[in-house]
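A quick write-up on the structure given underneath.
We did not get these values from a lab; they are worked out from the coordinates using the rules stated. Just so we're clear, the structure is a prediction, and the values are computed from it rather than from any experiment. Every residue, glycine among them, receives a Cβ derived from its backbone with ideal geometry; neighbour counts consider all protein chains shown.
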């Protein structure tokens, strides 16, 4: 059986402190032995680069990023992403969401990927609550640095599961507590919510 093709993408700006979390996690994963079929990439802050990577064709996508959800700094979250179908939006709303793909958020890049037909059905975001992203500076804060290994281990676990279970099973299985990892669902246009 051919292993599923999983793209793990680190996004963020390494010049803005904790915003470089995704890039650092992908670097750490590059030092580990990952299952066959897993591709690591770093797209920085250029959302269009994420869409280009997805054009190679993948079964699942893991986006790694600093995610501000008003949690304690260093909190790692696994978010099951629900991506807006821009084809269902009025034209003026589509333009407002997708006008600038070079500086786009990962959410906007995922919308473009879905519209282009290259977004895998299984898409999750592994995020970390940042402490500092608003000022220039290279390097992660202490709580976010501590979260890098936890996030990398969680991504390894997710990668092993992504090819073998459905979205419903992920939500059901989320009842099993994993220390230091919060599971959420991110629905279009709404805040994430903890899973039961």
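Given Cα pairs under 8 Å that are at least 6 residues apart, what percent is the relative contact order of the stretch 1-99?
Reported as a whole number, the value is 34 percent.
Of the peptides 42-50, 68-76, how do they stack up when ordered by the mean number of other Cβ atoms within 10 Å, highest first?
Numbers: 42-50: 19.8, 68-76: 16.1.
The packing order, highest mean first, is 42-50, 68-76.
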Want the number for residue 34 to residue 134: 0.36 nm per residue separation, take away the alpha-carbon distance, what's left?
-> 32.7 nm
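Applying a 10 Å radius around every beta-carbon, put 10-21, 145-156 in order of their mean neighbour count, most first. Could the numbers behind the result be given before it?
Working: 10-21: 23.2, 145-156: 20.1.
Per-residue mean Cβ counts within 10 Å order the peptides as 10-21, 145-156.
Mind giving me the FRET efficiency for residue 70 and residue 116? R0 is 41 Å, r the Cβ-Cβ distance, nearest 0.05 is fine. Before the final figure, lay out the partial values.
Details: r = 32 Å, r/R0 = 0.79.
Calculated value: 0.80.
Beyond 18 Å, what share of the Cα-Cα pairs of the stretch 26-148 remains, rounded to the nearest whole percent?
Values: 4399 of 7503 pairs.
I get 59 percent for the Cα pairs in the stretch 26-148 exceeding 18 Å.
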Debye-sum result for the stretch 4-53 in log10 I(q)/I(0), which assumes one identical scatterer on each alpha carbon, at q = 0.14, 0.24, 0.28, 0.30 Å⁻¹ | -0.35, -0.88, -1.05, -1.11
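Please state the shape class of the stretch 1-94: rounded when a/c is under 1.5, otherwise prolate if a/b exceeds b/c and oblate if not, all from the C-alpha gyration tensor. It would help to have the intermediate numbers written out before the result.
Working: a/c = 1.71, a/b = 1.09, b/c = 1.57.
Oblate shape, in that a/c is at least 1.5 and b/c is the bigger or equal ratio.
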